[in-house]
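Below is one structure, written out as structure tokens; comments come after it.
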Ligand SMILES: Cc1ncc(COP(=O)(O)O)c(C=O)c1O
């Protein structure tokens, strides 16, 4: 390294790699940096420009230099998955219940369920909005808001969807008890027991539970941690099997964290529409990318009404509110009826509170902060895994959301590891529950939206110790 600015840039890059500066952190201003290192302002600028070119930091107009969400990494990512290439009933979901119960136990170090710690959520604002709705709309709270649900909320959601290029009216949206109910209603509307559903692999275990409970079979499609589901593999599967629906999480999937490109989303919608197969799009993490630009949704390319768009406010405002929605295209009436005969209506008070939070602009402001916080939390957890886990461990580089998918070296059984850890007060999500057939035994998912303290550091050290044993 010939020049001073190169040496300083390399030192700073190392500090970023070690997690001393986290994604979203502002670096000292160039004057402050030049003062700290006794160098000229021009040299300080050269250091920052060098790091910018190398992708470590970004300049924000009139604000300074910030650490980028995806700083350079030491560990590799897992490769594309290779699930069984035939449909199968879902098995092995019993541990998932233990896992979610652990999420409610405050004595547990909770790295298992994808539930954000309250510090990430706008709890005060929610309390105010609920109190306000209770005071001002008492007459409505004491009664059912039959499907499709509270009008103000549907209008706010339709407006936000319009910003993402979706031409969906408020009357084409049905409010649900969270995204899980949206997925259930969607699958009930487009399938019958025994049908085959194509899904990404690995996939979020709640979806596997819905598939199981409706007596459907899952056809797992190879999926890449950066690009998403393989369209070539999906096309072959559609030619070979009588697939009745396809369910994907194209934006910041759980557990891989990929975000499909606009080009691939368009191609996906075209492919499924050519086969006349409905696409159930789960966009529950769509608002939680690590850049401030929101990705597009498959629904915006839907010309035939065959995309059923499902989402909720569980990962952004609070899972306890249980407010989600579905824009079901040409299945709208069926979904509305199924919602009605299943549980009559979604609770009124949380719907009114969420409508208020959207209308007041608080939701958008909160998202801007939350995206940065989730990016930091993910990077911190990746750095923790890199510090503690054995050589040969691979970790995903999510582009949004707050979970990471870890591939363990060798023959490790994460099911046994999860059981062992539960006894020690630590919960993780073992890889096998992300597959219909119990694949991914040597993987695990960690939820990063936790308050970082000694407990987390100790939990990672305990995991590493058990892995080394
Ligand atoms: C991809 C995905 N979809 C749906 C859900 C369920 O969302 P909700 O809590 O709104 O029912 C989750 C929760 O973890 C999820 O990760």
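None of the figures in this text is laboratory data; all of them are computed from the coordinates on show. From a predicted model like this one, the values you see are computed outputs, not experimental measurements. As a convention, Cβ positions derive from the backbone with ideal geometry for all residues, glycine included, and neighbour counts pool all protein chains shown.
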Region 250-325, relative contact order [Cα under 8 Å, separation at least 6], %: 29 percent
Those residues of region 97-137 whose amide nitrogen sits under 20 Å from the label point placed on residue 360, 7 Å along Cα→Cβ: 118-137
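Can you tell me the FRET efficiency between residue 139 and residue 98 if r is taken as the Cβ-Cβ distance and R0 is 41 Å, rounded to the nearest 0.05? Can you show the working numbers first?
Values: r = 42 Å, r/R0 = 1.03.
Step by step, r from the Cβ atoms, then E = 0.45.
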Relative to the chain, whose Cα atoms define the longest principal axis, helix 348-359 and its Cα axis are tilted in degrees, nearest 10, by 50 degrees
C-alpha long axis of helix 179-190 to longest principal axis of the chain, angle in °: 40 degrees
Between residue 36 and residue 262, what is 0.36 nm times their sequence separation minus the Cα-Cα distance? Round to one decimal in nm. 77.0 nm
Rounded to two decimals, the Debye log10 I(q)/I(0) of region 4-67 (Cα scatterers, no solvent) at q = 0.12, 0.18 Å⁻¹ is -0.24, -0.57
The chain: relative contact order in percent, alpha carbon pairs under 8 Å with at least 6 residues between: 22 percent
Simple SL model, points at 7 angstrom along Cα→Cβ for residue 171 and residue 334; separation in nm is 2.1 nm
Once you place label points 7 Å from the Cα toward the Cβ at residue 123 and residue 411, how far apart are they in nm? 4.6 nm
Divide by every residue of the chain the summed helix terms, -39500 (n - 2.57) for each DSSP H run of at least 4, and state the resulting mean residue ellipticity at 222 nm, rounded to the nearest 500 deg cm²/dmol. -13000 deg cm²/dmol
Mean separation of Cα contacts under 8 Å (6+ apart) over length of region 121-362, as relative contact order %: 30 percent
Angle between the Cα long axis of helix 123-136 and the longest principal axis of the chain, 0 to 90 degrees, nearest 10? 30 degrees
